[in-house]
Amino acid sequence: MPNVYFFGDGHADGRADMKDVLGGKGANLAEMTNVGIPVPPGFTLSTTLCIRYLADGRFPDDLRSEVQAALRRVEQSTGKRFGGDPPLLLSVRSGAKMSMPGMMDTILNLGLNDATAEALARRSGNQRFAYDSYRRLVQMYGDVVFGIEGPDGQDLFEDALARLKAQRQVGRDIDLSAEDLRRLAARFKEIVRQEAGCPFPDDPWQQLWGAIEAVFKSWQTKRAVDYRRVHRIPDDLGTAVNVMAMVFGNLGEHCATGVAFTRNPSTGEPGLFGEFLTNAQGEDVVAGIRDPEPVALLQQRLPRAYAELQRAGATLERHFRDMQDLEFTVEGDHFYLLQTRTGKRTAQAAVRIAVEMVGEGLIDRREAVRRVEPDQISQLLHPMVDPAATPEVLTTGLPASPGAAVGQVVFDADAAVERAAHGDQVILVRRETSADDFHGMVAAQAILTARGGMTSHAAVVARGMGKCCVAGAKELEIDEAAQVLQVNGRSVGAGDWLTIDGSTGRVIVGRARLVEPQLGGEFGTLMAWADELRRLRVRANADLPADARRARAFGAEGIGLCRTEHMFFEGDRIQAVREMIVARDHEGRQRALAKIEPMQREDFIGIFREMNGFPVTIRLLDPPLHEFLPRGHDEIAPLAASLGVPLEQLHHIVEALAETNPMLGHRGCRLGITYPEITEMQVRAIFEAACAVAAEGGDVHPEVMVPLVAHVEELRHQLNLVRATAEQVFAECGRRIEYLVGTMIELPRAAVVADEIATVAEFFSFGTNDLTQTTFGLSRDDAGRFLPFYVEHGILPDDPFQTLDAGVEKLVELGVRLGRQQKPALKIGICGEHGGDPRSIRFCHQVGLNYVSCSPFRVPVARLAAAQAALGDRAERDV
Ligand code: PEP
Ligand code: MG
């Protein structure tokens, strides 16, 4: 297999479907070349070579001749010579299979030395340009290849540049003369010699090999590794290196460089959307140092280039059948595309684009459903600033990534991580962000920057994470040392509250009121398509009528888990619950339970009404009783007084109920078996409520669920009690209700003897929270002490409490198989947290569950994930 793949002159060795070998960028450069888009010629060194190089620490023997041959073709194509006259200059960029924006390194203008710089100056007739290119090369090379930085991490090159501008008393780089820049290049070379201990290589070939090695090695940098961890990109993919002839957007005002999306990546609106700078290099746009202009203005400035951009965008969108993110350069009369890739987009844009592309005949409905990341759409369900409110707007920036968030200001990434670890909500405020801020952006609720455009690092990364971001809020003056920001004389310090509205760009003082989003339009259309495709039903975990209402609004088809204990904490009920716990005999408990029963009944009535026509699974009391009692003396004493129980006695009760491992003790059906009156009370409340709602004409489908069953006899005991109590209620109410009695499968024993349990159970619901903790022998409340370490160090691939673990999956599989062996039509669901996790949902589909149940906010995510599971493995997205 070759190590080097040439592209240029309308022909490329590679293709778009070779991303494994060429990386995303390299594969698309090849494809663009093949479909006739003007791309500067170049070649790609493969990811396979990268992996080999990182393992061996050296290149294979035949690589040199392969690279020489490819470079000769670039020389022929451009009519320039590497190290000669006219000088061929090269860009060297990383390009992994998955896009990792700003995470790895780039070197431009490679091939310059004192002689070729002079030749470039002469040929271009633009000395400033030639020496500016030269000093940029030395700077990038010093940074990327030699890793040069000052003792406190400062940028020695930028410092030297700033000193020179101060000496010349000018504010902008472009006010420096050609001679200044020539001297600056020489000064930069001196810095390299001092800091790296070796001279900057004048030999272009030496430059090229140094750059290639550095880009391969950049795969292993901490920031690249961190990025991969967050985005679940495997470490063994490696990066390709793309070497391409330089074209220049900085040769004068008739030149430009920019980035454009074929549709708006925030809203999905059709039409070119992007930014450009005249007389600039590509890095200037992305770095956010100068403020770029909207791409629509290119039509006025350089109309021919704009027309070419439109044509190329349309061709590529049709070719790839997806929204593209383009990098372009205009060098005088020549227009070039330097990159195309599938554009990252907000959830809102993803949904709109997918639906509109179906309308345009570019993709079909299945493809549209496949295109939207389930996890991403939870963004759409998130709050926005109440449109009716008139909050105090501090300033406005660019609406870089939608949604709204409230938090306290921090000025650096480490502080964001530290505060977030303490449970604080923070807003990361930076002049501009770079890859070094990534960990802070992950930890923050929102990001606010003073500089940069819609394609700045902050904007791109925030959109990728679905986090709200306002970028380029120009009025912000940030004093990082003093930890304060100022806007027109008004200051906001670290710890002060701000609200960031990434949909409008507003930066709001204090904590604005946020409201829930609307769910119609394209979102509704896409979800309807998903619903047609999926086989799994989606229910919600909801404990109260208000949750049930929200769940219905999000499309839940019933309740898969109503945790009745949550009702016990509402209002003043806890007092009656405590009375029940401290009661010394059956009669005392009955008296207290009689107080709770009407309250539970009212809640059930509310839930049945909301879920009219859909099943409602109500779980009998599950947690150990001590969870309802206070802990310290300070709380116990007043309780004793209010319950009229001697203090001593209450202390005694609290002590007696304490458990060494509360998750494995006297809880679940073990409570209902030892205190049958609790089960009776709950069942009475359920069926009285069901009869009441049925009497109003409601369509009720109760499913009574028994928790923490290990042995079939436990279930039989509770089932008999449920049936007997239900019969009493039906007799009293004069009507019957169809219902089911089933069990949770949340202990390994239950999964292993699921066939026996199925002789009694009318349905199963996998409680994978408990099943995970009991399978691992790991309490979920204590897991936080070491589980993050496990995941970080790759001992476990994921947090098993979020994504089903392979071992737990085996138990689920066994439980399903044995259960259905006994009762082929047994209805089976899942109600642990995993019911809302797309990867776990795929498993649930494959193993043949009937439904998943998850929190109301995850319901749309689950609907989409279930549809994608039904469509088979998701095709890998273009990157
Ligand atoms: C479970 O164990 O998965 C479950 C849903 O129950 P809980 O989280 O209430 O223990
Ligand atoms: Mg449980």
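Some observations on this one:
- Options V285, V241, V247: the member that is modelled with pLDDT of 95 or more, surrounded by 24 or more Cβ atoms within 10 Å (Cβ to Cβ), under 28 Å from the mean Cα position of the chain (by Cα) and more than 18 Å from T342 (Cα to Cα): V241
- Here D85 meets each of (1) touching a Phe, Trp or Tyr at 6+ places or on another chain (Cβ under 9 Å); (2) under 30 Å from F129 (Cα atoms); (3) surrounded by fewer than 18 Cβ atoms within 10 Å (Cβ to Cβ) with one exception, condition (1).
- Residue list for segment 538-551, filter: touching a Leu at 6+ places or on another chain (Cβ under 9 Å) and at pLDDT 90 or above: R539, A540, N541, A542
- If you go through segment 181-197 and keep only what is charged (D, E, K, R) and under 17 Å from R122 (Cα atoms), you end up with just R182.
- Residue check, A751 under 24 Å from I841 (Cα atoms) and either open to solvent by less than 10 Å² (accessible area, probe 1.4 Å) or touching a Gly at 6+ places or on another chain (Cβ under 8 Å) (or both): yes
- Condition broken by A162, with the remaining ones in (1) touching a residue at least 24 places away in the same chain (Cβ under 8 Å); (2) closer than 26 Å to R223 by Cβ; (3) among the hydrophobic types (A, V, I, L, M, F, W, C) satisfied: (1)
- Residue in segment 552-564 that is among the β-branched types (V, I, T), within 25 Å of M744 (Cα to Cα) and modelled with pLDDT of 95 or more present: yes
- Segment 764-793 - residue that is of a type in the set (F, W, Y) and within 16 Å of ligand 2 (Cβ to nearest atom) and, of those, surrounded by the fewest Cβ atoms within 10 Å (Cβ to Cβ): F776
- Looking across segment 722-747, the residues that are in a helix (DSSP H, G or I) and surrounded by fewer than 18 Cβ atoms within 10 Å (Cβ to Cβ) come down to R723, A724, E727, Q728, F730, A731, E732, C733.
Condition check ((1) over 25 Å from E331 (Cβ atoms); (2) of a type outside the set (K, R); (3) touching a Phe, Trp or Tyr at 6+ places or on another chain (Cβ under 8 Å)) across all residues:
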| site | (1), (2), (3) |
| --- | --- |
| S46 | yes, yes, yes |
| I51 | yes, yes, no |
| A55 | yes, yes, no |
| A70 | no, yes, yes |
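- Filter result (buried (at least 23 other Cβ atoms within 10 Å of the Cβ), closer than 20 Å to L71 by Cβ and among the small types (G, A, S)) within segment 95-116: G95, G111
- Considering only residues in segment 801-819 that are more than 12 Å from ligand 1 (Cβ to nearest atom) and in a loop (DSSP other than H, G, I, E, B), the one that is most open to solvent (accessible area, probe 1.4 Å) turns out to be Q802.
- Here P800 fulfils each of the conditions (1) within 16 Å of ligand 2 (Cβ to nearest atom); (2) closer than 25 Å to L671 by Cα; (3) not hydrophobic (A, V, I, L, M, F, W, C) apart from (2).
- Scanning segment 554-573 for residues being outside any strand (DSSP E or B) and either in contact (Cβ under 8 Å) with a residue 60 or more places away in the chain or surrounded by 15 or more Cβ atoms within 10 Å (Cβ to Cβ) (or both) gives a total of 10.
- Checked against (1) within 16 Å of ligand 1 (Cβ to nearest atom); (2) free of Cβ contacts under 8 Å to residues at least 12 places away in the same chain, F786 meets all criteria but (1).
- Checked against (1) charged (D, E, K, R); (2) under 18 Å from A710 (Cβ atoms); (3) surrounded by fewer than 24 Cβ atoms within 10 Å (Cβ to Cβ); (4) within 13 Å of ligand 1 (Cβ to nearest atom), E756 passes all but condition (4).
- The residues in segment 537-553 that are surrounded by fewer than 24 Cβ atoms within 10 Å (Cβ to Cβ), not basic (K, R) and not in a helix (DSSP H, G or I) can be counted, and the count is 2.
- Close Cβ contacts (under 6 Å, 6 or more residues apart or on different chains) running from residues in segment 81-101 that are of a type in the set (V, I, T) to residues that are assigned to a strand (DSSP E or B) and modelled with pLDDT of 90 or more comprise V92/I107; V92/L110; V92/V243.
- Of everything in segment 748-770 that is in a helix (DSSP H, G or I) and among the acidic types (D, E), the residue that is modelled with the lowest pLDDT is D770.
- Residue within segment 686-697 that is within 16 Å of ligand 2 (Cβ to nearest atom), of a type in the set (G, A, S), surrounded by 14 or more Cβ atoms within 10 Å (Cβ to Cβ) and within 22 Å of R563 (Cβ to Cβ) present: no
- A196 meets each of the listed conditions (1) of a type outside the set (S, T, N, Q); (2) closer than 21 Å to A117 by Cα; (3) open to solvent by less than 40 Å² (accessible area, probe 1.4 Å) apart from (2).
Condition check ((1) within 16 Å of ligand 2 (Cβ to nearest atom); (2) without any contact (Cβ under 8 Å) to a residue 24 or more places away in the chain) across all residues:
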| residue | (1), (2) |
| --- | --- |
| L708 | yes, no |
| E713 | no, yes |
| T725 | no, no |
| C733 | no, no |
| M744 | yes, no |
| L747 | yes, no |
| A750 | yes, no |
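- Only a single criterion out of (1) within 42 Å of the chain's Cα centre (by Cα); (2) of a type outside the set (F, W, Y); (3) at negative phi; (4) modelled with pLDDT of 95 or more is not satisfied by G111, namely (3).
- Selection from segment 626-656 of residues that are open to solvent by less than 40 Å² (accessible area, probe 1.4 Å) and either free of Cβ contacts under 8 Å to residues at least 40 places away in the same chain or assigned to a helix (DSSP H, G or I) (or both): H626, F628, P630, G632, I636, A637, L639, A640, L643, L650, I653, V654
- Yes/no for V700 being open to solvent by less than 10 Å² (accessible area, probe 1.4 Å), away from ligand 2 (no atom under 16 Å from the Cβ), in contact (Cβ under 8 Å) with a residue 24 or more places away in the chain and under 24 Å from G767 (Cβ atoms): no
- Some residue of segment 205-219 being over 30 Å from K80 (Cβ atoms), of a type in the set (S, T, Y) and open to solvent by less than 40 Å² (accessible area, probe 1.4 Å): no
- Test result for I148, at pLDDT below 95, open to solvent by less than 40 Å² (accessible area, probe 1.4 Å) and of a type in the set (A, V, I, L, M): yes
The values are calculated or read from the model by the stated rules, or taken from the named source; none is laboratory data. Just so it is clear, the structure is predicted and the values come from calculations on it, not from any experiment. Positions of Cβ are generated from backbone atoms using ideal geometry, with glycine treated the same way; all protein chains shown enter the neighbour counts. Protein only, heavy atoms only, side chains kept; ligands, DNA and RNA dropped before computing areas. Shrake-Rupley method; radii C 1.70, N 1.55, O 1.52, S 1.80 Å.
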